[in-house]
Amino acid sequence: MNIVVSRTVAELRGHLDLECDAGRTVGLVPTMGALHGGHASLVARAVARCDVVVTSIFINPRQFGAGEDLGSYPKMLDDDLELLASLGCRHAWIPSPGEMYPDGYCTRVEMDGLTDVLCGVSRPAHFGGVLTVVLKLFHQVKPDVAFFGQKDYQQSLLIRRMVQDLEVPVCIEVCPIVREPDGLAMSSRNRYLSPEERDQASVLNRALGVVEDAWRGGERDAARLMALGHLVAAESPLVRIDYLEIRDAETLTLREGEARVGDLVAVAAFVGQARLIDNRHFTES
Ligand code: PAF
């Protein structure tokens, strides 16, 4: 199937208005490109659930802080378009920075509280930039359903919150993490890793696994559970933990005392040039 590429809002709406007029449901998969198996699973899910799928590819400058990887973020558009077409994605929405943020653009979505913890500590402007561009994408594409990955748990929680608070008429579906054979969560930023860093990065999944195993074995003390995770991560000297925490999955309050079913165990770490994240939830054993 050929993929239709739009580079301006006018082009995009020209195509999507026809789809809407024909009564087709629209699914949106927002991405920054450099697509991997995790993105592919979102697109496959969108294709299964919606009549037409739009994948946006936009490296959003407003979600990168000073000294982050905006300039070096991987770009592989031809490969991305080939993959999307093979998955049955009908439309690629590829705006330029100037199309997304024309001269004079000065509006930003802000959220209190939920953006100040976990990744928000190391990346203070990040989530404001994410919410701003995602809200713009929702207005441009007008999707019935939008698909996000569970790896970016905090991002998906904030988007769900924004959609509820601002009454945006879109259904949010969060899809499971896709992992490499050694358990490392797939990420466009894994490409930055040297072979040695790549080898050690799998400790993140192992650390979460040890915390989960201890939970399943009956350990409930949140501080002890977190300490176990840190102990495992410390085995890999190239991995510098930013946080490894247990938090309430809805309020993101740090869990003190007893961990509970549903709690989020989240980790972020610097590995060479990459900042990687991963998470899981405690389930009933
Ligand atoms: O998760 C991402 O790739 C980005 O944060 C998103 C949602 C595409 C917004 O730029």
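A few comments on the model shown:
- Environment charge of residue 26, counting only residues whose C-beta is closer than 9 Å and scoring Lys/Arg +1, Asp/Glu -1: -1
- The range 113-188: radius of gyration and largest Cα-Cα distance (Dmax), Å: 13.4, 40
- Computed Kirkwood radius, in angstrom, where 1/r is averaged over Cα pairs of the chain: 19.8 Å
- Protection proxy ranking of 109-118, 81-90, 225-234 - average other beta-carbon atoms within 10 Å, highest first: 81-90, 225-234, 109-118
- Remark: spin-label model distance residue 179-residue 216 equals 1.0 nm, labels positioned 7 Å along the Cα→Cβ axis.
- If you take all other residues with their beta carbon under 9 Å from the beta carbon of residue 117, and give Lys and Arg +1 and Asp and Glu -1, the sum is -1.
- Total charge dipole magnitude, the chain, about the Cα centre, Cβ charges on Lys, Arg, Asp, Glu only, Debye to nearest 20: 180 debye
- Cα-based helix-to-principal-axis angle, 77-87 vs the chain, degrees rounded to 10: 90 degrees
- Per the Kirkwood formula applied to alpha carbons, the range 110-240 shows a radius of gyration over Rh ratio, Rg over Rh, of 1.02.
- Radius 10 Å from Cβ of residue 176, net charge of other residues (Lys, Arg +1; Asp, Glu -1): +3
- Mean Cα-pair separation over length for the range 159-260, i.e. relative contact order, pairs under 8 Å, 6 or more apart, %: 20 percent
- Most to least packed among 17-25, 129-137 [average Cβ atoms within 10 Å]: 129-137, 17-25
- Over the chain, DSSP H runs of length four or greater, each weighted -39,500 (n - 2.57), average out per residue to a 222 nm ellipticity of -11500 deg cm²/dmol.
- Size estimate for the range 1-100 follows the Kirkwood approach: the inverse of mean 1/r over distinct Cα pairs works out to 14.1 Å.
- Spherically averaged projected area of the convex hull of Cα atoms, the range 67-179: 8.7 nm².
- Taking a ≥ b ≥ c as the square roots of the eigenvalues of the Cα gyration tensor, the range 10-54 is classed as oblate, since a/c reaches at least 1.5 and a/b does not exceed b/c.
- Size descriptors for the range 169-285: radius of gyration and Dmax over Cα atoms are 14.5, 46 Å.
FYI, it's all coordinate maths here, none of it is from the lab. Note that the structure is predicted; figures quoted are calculated from it, not measured. With ideal geometry, Cβ positions are generated from the backbone for all residues, glycine too; neighbour counts draw on all protein chains shown.
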